[in-house]
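Step one of this worksheet: look at the structure below.
The values are calculated or read from the model by the stated rules, or taken from the named source; none is laboratory data. Predicted model, so just to flag it, every value in this text is computed and none were measured. Cβ placement follows ideal geometry from the backbone for every residue including glycine, while neighbour counts extend to all protein chains displayed. Only protein heavy atoms, including side chains, enter the accessible area calculation; ligands, DNA and RNA are left aside. Shrake-Rupley method; radii C 1.70, N 1.55, O 1.52, S 1.80 Å.
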Number of protein chains: 2
Amino acid sequence: MANSDPLLLRNARLPDGRHADVLAVEGRIERIAPDIGAPERCIVMDAAGGLVLPGMVDGHLHLDKTLYGDPWMPHPAEPDRDSRIRVERELRKHYDRSVEERAYGLVRHAAALGTCAMRTHVDIDTEIGLANLHAVLAVREKSRHLVDMQIVAFPQSGVVRSPGVAALLDAAIGDGADLIGGIDPIGFDGDLAGQFDTLFDIADRRNVGVDVHLHESGPTGLRELAALANRTKAAGMQGRVTASHAFCLGNCRPVALQRMGELLVGAGVSVATHGGGASPLPPVKALRAMGVTVFAGSDNIRDAWSPFGDGDMLERAMLMAWRSGFRTDEDLGVAFDLVSGAGAAVLTFADHGIAEGGRADFFTVQAETLAQAVVDRPRRSLVVKAGRIVARDGAPTAD
Amino acid sequence: MANSDPLLLRNARLPDGRHADVLAVEGRIERIAPDIGAPERCIVMDAAGGLVLPGMVDGHLHLDKTLYGDPWMPHPAEPDRDSRIRVERELRKHYDRSVEERAYGLVRHAAALGTCAMRTHVDIDTEIGLANLHAVLAVREKSRHLVDMQIVAFPQSGVVRSPGVAALLDAAIGDGADLIGGIDPIGFDGDLAGQFDTLFDIADRRNVGVDVHLHESGPTGLRELAALANRTKAAGMQGRVTASHAFCLGNCRPVALQRMGELLVGAGVSVATHGGGASPLPPVKALRAMGVTVFAGSDNIRDAWSPFGDGDMLERAMLMAWRSGFRTDEDLGVAFDLVSGAGAAVLTFADHGIAEGGRADFFTVQAETLAQAVVDRPRRSLVVKAGRIVARDGAPTAD
């Protein structure tokens, strides 16, 4: 199929319930209307009344860590963050496949499930240096036809406590990473001001965003989050900073939540979540009602941190909804927004959505409504990226 | 296929990792060994190295409420228990299909996903009387080849607050229900002693078990749960009483949990859970370590109470594991036990498991280990109930 062949999707159901054809030309949705005439050399697909939904956005994952597609590895059972970091540093020396192979395998799989964009964190430490980053940069090149990818230079082993990492983070941006990452500046790095000085200094000089893992709950987490928001505002970086996880928002008192929500809105800091699992889940609806942008990601996918997951963002929407007590169609629509529109906004992935002029990134499922798609997570009949078919019935088409 | 034809499953992987054939004769596993010779008139199936797992047990669901298989119904969005009960009583008058049709459809679907036994609650109130019970009793008869079924006479609209329900519960047992149900005796019925007097009086006279919905968290829930345990002990009903949900165990202090755990063990009261979702989840491992039997069920499946679910107990195991923070193979095995062995024990569903002499209730999946099966929830290649094939590739075979 030539890159420029138009694609006409016939007999689709739009998220708003209307039935229409969708015509994609040169990577964009040119027209949405009933009974569109097929242009010359057009590929015509029949959606058979299936629902067409915008491509999904995985806003937080760790491509370089995954063992997805490898033989089953029992989880190494380390009980806390510090021991998991230590054990992973040992385990990763013996992984059978390269970072590039593992990461690309997962990208292909995720794309076949309807993911059209992702933000991946990539480990940077003094042992591996920028090796994982370079592998994931290569994967990004190789998978440009499948997903748009943002890369966060992630100091998994700390910044202040790991001399040399600051320079590596800076070099990572030079080599092509899009954002500077961070991790628990008090609880793990032991120096709130020190870590944030480093991150925001690089972000300022390099003109990139920041995305910090904040796992601490309770007062420590709230203090870290408030500091992140205040730094963001002081640096004039509104809209370019994310707090990942922010478990502290999941079990704080309403007054603290309200105060923190206002702070996050004022600073334009977004919140990324994988749904909490056993951890306290930030209250999605309350935060959204205050104006905080919340978006979702897979986080760890079958790696030394978690045995779960396969990158299916429609399943992530279900998990988020189930864990949040969402029941109504409206709330289930919010769950879908977490894995699509909200993430696209944070990743500044413009023109996302099923609309004329929008990117031709979409997938079809047999479901009557968006709510049902979230609950059922049906097989992805057809996945289209930039106007090209990249997967059918859940399996990637040939590259 | 005649009922008495033996079934030989070749080339299977057992839960403990060994490779073997499994021979089922007259509803029982007669032999597990490598290279079993096929007896006469034997049906031979190739598991292709797939994992064979014991049939699963759905320990808590509501067959009569489900709309599974109907067109999508947006959730009616009622915010609390009282309003949901009220709205459901109105909605159910207008359901398109009969209780029998809906319930049987779900049983077939669940059986095709590997469920071999279930405990269903059935609404009993002054408006519908025993109509739903009679419908589900008919479904039980009709699906004897698919699942073993226990029926709980469930007073969804209360006991003390609904004059006439006590007599209906008693009549329900007379008509074939197996257990007496109850619901939030303080929080909903407003009379702890009154409701339990009624339930335990019927249970004693009729010689049946008790399974009470306890949704309250906090001190009210703990008070109800303690009263249930004390009543059970006083009535000499150890091993025959279940607390369903018991959200109060999910957010109480360690001291209260310890005390309550000891009380439950002493009274032989088991705990049924659907995994909590947004509600506090009883700490599965801590309770099991104390000796409390915890087992799992789907609870509401696409009905006026919840839009989620389809009766897949392997997915329930994943949800339980994810929500509980289980990661190791051992813990993922616990999650599977919640949906199989633990439930079988509570339902006194004897000889459950992949062992010679055990019931020939099992299913196969393509997975290397039990842990991976929980995480991946692969398609059920083959489902066998009482030695007969009832489903292939997730779809029921002809009845």
With the alpha-carbon atoms as the only input, what is the per residue convex hull volume for region A:262-332 in Å³?
97
Which order do the peptides B:73-83, A:13-23, B:96-106 take when ranked by the mean count of other beta-carbon atoms within 10 Å per residue, highest first?
B:96-106, A:13-23, B:73-83
homo-copy label distances at residue A:27 (7 angstrom along Cα-Cβ), nm, one dp, ascending, are 6.5
Read phi for every residue in region B:295-301 and hand back ³J(HN,Hα) as whole Hz from Karplus 6.51 cos²θ - 1.76 cosθ + 1.60, θ = phi - 60°, with x for Gly and Pro.
9, 10, x, 6, 6, 6, 10
Give me the percent of DSSP beta bridges within chain A that run antiparallel, rounded to the nearest 5.
40
Theoretical ellipticity at 222 nm over chain A - DSSP helices of four or more residues, -39500 (n - 2.57) apiece, nearest 500
-10500 deg cm²/dmol
Quick check: at a probe of 1.4 Å, how many percent of the accessible area of the protein assembly as shown sits on carbon and sulfur atoms?
48
Going through A:65/A:142; B:93/B:385; B:65/B:385 one by one, the pairs whose alpha carbons sit over 28 Å apart turn out to be B:93/B:385
Taking the Cα atoms only, what angle lies between the long axis of helix B:192-206 and the longest principal axis of chain B, rounded to 10 degrees?
50
For the protein assembly as shown, what is the accessible area per residue in Å², given a 1.4 Å probe and the full set of protein chains?
35
Between residue A:149 and residues 5 or more places away or on another chain, which pairs have amide H atoms under 5 Å apart, with H built 1.01 Å from N, and which residues are they?
A:118
Length gained when the stretch residue B:389-residue B:171 is fully extended (0.36 nm per residue, less Cα-Cα span)
74.9 nm
Need one number: buried accessible surface between chains A and B, 1.4 Å probe, both sides summed, DNA, RNA and ligands left out, in Å² to 100.
3000
So for region A:79-200: antiparallel DSSP bridges make up what percent, rounded to the nearest 5?
10
Dividing the mean separation of Cα pairs under 8 Å (6+ apart) by the residue count of region A:22-149 yields a relative contact order in percent of 29
Taking placed amide H atoms and a strict 5 Å upper bound, the residues 5 or more places from residue B:211 or on another chain that come that close are B:180, B:181, B:182, B:242
FRET efficiency for residue A:40 and residue A:398, Cβ-Cβ distance as r, R0 = 30 Å, nearest 0.05?
0.80
Under Karplus coefficients 6.51, -1.76 and 1.60, residue-wise ³J(HN,Hα) of region A:262-273 in Hz, glycine/proline x:
5, 4, 5, 5, x, 8, x, 9, 8, 10, 9, 9
What full-extension length gain, to one decimal in nm, is calculated for residue B:197 and residue B:351 as 0.36 nm per residue of separation minus the Cα-Cα distance?
52.0 nm
For region B:210-222, 3J(HN,Hα) per residue [Karplus equation, 6.51 cos²θ - 1.76 cosθ + 1.60, θ = phi - 60°, Hz, x = Gly/Pro]
10, 9, 10, 6, 10, 8, 4, 9, x, x, 4, x, 5
Using Cα pairs under 8 angstrom and six or more residues apart, how large is the relative contact order of chain A, in percent?
21
Mind checking A:323-336 for the average number of partner chain beta-carbons within 10 Å of each residue's beta-carbon?
4
Which of B:54, B:71, B:280 fluctuates most in a GNM of chain B (C-alpha springs under 10 Å)? That residue is B:71
Between the label point of residue A:258 and that of the same position in each other copy, find the distances and list them shortest first in nm, with every label point placed 7 Å from Cα along the Cα-to-C-beta direction.
3.8
Cβ neighbours within 10 Å, averaged per peptide: list B:289-301, B:259-271, A:160-172 in order, most packed at the top.
B:289-301, B:259-271, A:160-172
Most to least accessible of B:359, A:140, B:108 (protein chains only, probe 1.4 Å):
B:108, B:359, A:140
How far is the Cα center of region A:282-331 from the Cα center of region A:11-32, in Å?
27
Sorted from shortest, what are the nm distances separating the label point of residue A:398 from equivalent points in the other copies, each placed 7 Å from Cα along Cα to C-beta?
4.0
Nearest 5 is fine: what % of DSSP beta bridges in region B:259-399 come out antiparallel, could you say?
75
Using Cα positions and a limit of under 27 Å, work out the lysines in reach of residue A:285, with same-chain residues fewer than 8 apart set aside.
A:233
